[in-house]
There are 2 protein chains.
Amino acid sequence: MTDSDMAATAVPAIQDAYPDAFAHCYGCGRLNPQGHQLKSRLLGDEVIAEFTAPQQYTGGFPGKAYGGLVASLLDCHGTASAAGFAARADGIEVAAGRPLSRFVTATLKVDFKSPTPLGTPLVIRGKLKSLEGRKAWIEMTLSAGETVCATGEMLAIRLPD
Amino acid sequence: MTDSDMAATAVPAIQDAYPDAFAHCYGCGRLNPQGHQLKSRLLGDEVIAEFTAPQQYTGGFPGKAYGGLVASLLDCHGTASAAGFAARADGIEVAAGRPLSRFVTATLKVDFKSPTPLGTPLVIRGKLKSLEGRKAWIEMTLSAGETVCATGEMLAIRLPD
């Protein structure tokens, strides 16, 4: 799915439903001009984001992302996924300006499968493994084309509204 | 331990032994002017780094780091720790310009224990859990003062020299 395909779906990004006071996250805050501004959207039974990494986020190997970027994308995408799936479970539609329950990461595990390229569209997919009380378990992949570069598993905790 | 204490030890940073071609990592490359330039030093039976996070790396909560930064610091510190412990096991002294074996992350697990403050010195400590063949298991903590903000566990893989 390309950026234009994503835009064409006209599905609001989960992060765009975060209140202004909490929208400065370096990874996904729309109000942090220096950050990644990741946008995660609930599409079918997945939450999907697309991101192309600028060259400055190189790792030790030229042309490949540093591991921290991969972990960052999975972390922000995971908590957004949890918020999106919880909203759906509560019968709340994701829309800009409509407050959603927020989740924070308790545990994030990243398995690095293959070097993550810079300057290439990456697709991050999140699936809900379970949602019980305040706990959401999210499984993720981060891919470049057909190659799965990393997988992630997150336990996210719902904050009191 | 303060920055001046660390400098006073005059222990070379493990990342300063990385060859120029591999010293552009956003997390710890000395040649990436936009990056974090983390410096990890082998001191006793630990590898220790200190880092103070600039305000731009805020998370969703004002004054606290985004989760991706925490994961980034643990990722770079973990692979540096593996390189440092492996060098010691091989009887090689860490010194700028002396090539060390490099490690890459296979798996990183981060447990977020308490919000990580911005603008406050953070201390990251790595301990060797085991070193067998090409595999190094590293355990880490990231603390602000007496508070452990996060713990990390890494499996790092040694690259062929």
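The values are calculated or read from the model by the stated rules, or taken from the named source; none is laboratory data. On a predicted model such as this, the values are computed, not experimentally measured, just so you know. A quick note on method: Cβ atoms are made from the backbone with ideal geometry, for glycine too, and the neighbour counts reach across all protein chains shown. Accessible surface areas use protein heavy atoms only, side chains included; no ligands, DNA or RNA. Shrake-Rupley method; radii C 1.70, N 1.55, O 1.52, S 1.80 Å.
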Of all residues making up segment B:71-111, the number that are at the interface with chain A (Cβ under 7 Å from one of its Cβ atoms) and among the acidic types (Asp, Glu):
2
Within segment B:129-151, the residues that are under 12 Å from B:Thr79 (Cα atoms) and within 13 Å of the chain's Cα centre (by Cα) are B:Ile138, B:Glu139, B:Met140
Residue list for segment A:105-125, restricted to those being outside any loop (DSSP other than H, G, I, E, B) and open to solvent by 50 Å² or more (accessible area, probe 1.4 Å)
A:Lys109, A:Pro121, A:Arg125
Just one listed residue, out of A:Gly29, A:Gly68, A:Gly60, A:Gly44, is open to solvent by 10 Å² or more (accessible area, probe 1.4 Å) and at the interface with chain B (Cβ under 10 Å from one of its Cβ atoms), and it is A:Gly60
So A:Ser101, is it farther than 14 Å from A:Arg41 by Cα, at pLDDT below 95 and of a type outside the set (A, V, I, L, M)
yes
Positions within segment B:51-78 being in contact (Cβ under 8 Å) with a residue 60 or more places away in the chain and in contact with a Lys or Arg (Cβ under 8 Å, 6 or more places away or on another chain), in sequence order:
B:Thr58
Restricting attention to segment A:141-161, report how many residues are buried (at least 19 other Cβ atoms within 10 Å of the Cβ) and assigned to a loop (DSSP other than H, G, I, E, B).
0
Residue list for segment A:104-150, restricted to those being of a type in the set (Phe, Trp, Tyr) and either within 15 Å of A:Ala49 (Cβ to Cβ) or in contact with a helix residue (DSSP H, G or I) (Cβ under 8 Å, 6 or more places away or on another chain) (or both):
A:Phe112
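Does segment A:88-100 contain any residue that is crowded, with 17+ Cβ neighbours inside 10 Å and free of Cβ contacts under 8 Å to residues at least 60 places away in the same chain?
No.
Look at segment A:32-41 and say how many of its residues are in contact (Cβ under 8 Å) with a residue 24 or more places away in the chain, in a loop (DSSP other than H, G, I, E, B) and more than 9 Å from chain B (Cβ to nearest Cβ).
Total meeting the criteria: 2.
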For segment A:13-26, enumerate the residues that are open to solvent by 50 Å² or more (accessible area, probe 1.4 Å) and in contact with a strand residue (DSSP E or B) (Cβ under 8 Å, 6 or more places away or on another chain).
A:His24
Just to be sure I understand, how many residues within segment B:47-56 are touching a strand residue (DSSP E or B) at 6+ places or on another chain (Cβ under 6 Å) and either under 16 Å from B:Ala144 (Cα atoms) or surrounded by fewer than 24 Cβ atoms within 10 Å (Cβ to Cβ) (or both)?
6
